[in-house]
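This report refers to the structure that appears directly beneath it.
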Amino acid sequence: MTPLPTDNPPQHQNNEVQIMRVELDEPKCVASGQCVMAAPEVFDQRDEDGIAFLLDERPAADSLDDVREAVAICPAAAIRLVDQ
């Protein structure tokens, strides 16, 4: 069986596996919950104030599109996805 593209982690041009890390600037968070809705396997919110926090700083490759969506829709620009 041929693996689907989402079965393989992203790779750089030299075929090294690309590992991505999520950074969340909690003080910038405005508790909108958009990140949690986009990537619930990576983000959650505190009960007391709704501020987001990370469940997984280094999400699986198949979650990266969801994380990219969270980065794009965060109204406070409090999320970054960086190469490791």
For the stretch 16-84, the per residue accessible area (1.4 Å probe, Å²) is 57 Å²
So, over other residues within a Cβ distance under 11 Å of GLU57, counting Lys, Arg +1 and Asp, Glu -1, the net charge is 0
The summed charge of the GLU26 Cβ neighbourhood (under 14 Å; Lys/Arg +1, Asp/Glu -1) stands at -3
Taking 0.36 nm per residue of separation between LEU55 and ASP83 and subtracting their Cα-Cα distance, the length gained on full extension comes to 8.3 nm
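The values are calculated or read from the model by the stated rules, or taken from the named source; none is laboratory data. Note that the structure is predicted; figures quoted are calculated from it, not measured. Please note: Cβ atoms are built from the backbone with ideal geometry, for glycine as well, and neighbour counts cover all protein chains shown. To get the accessible areas, we keep the full protein, side chains included, count just its heavy atoms, and leave off ligands, DNA and RNA. Shrake-Rupley method; radii C 1.70, N 1.55, O 1.52, S 1.80 Å.
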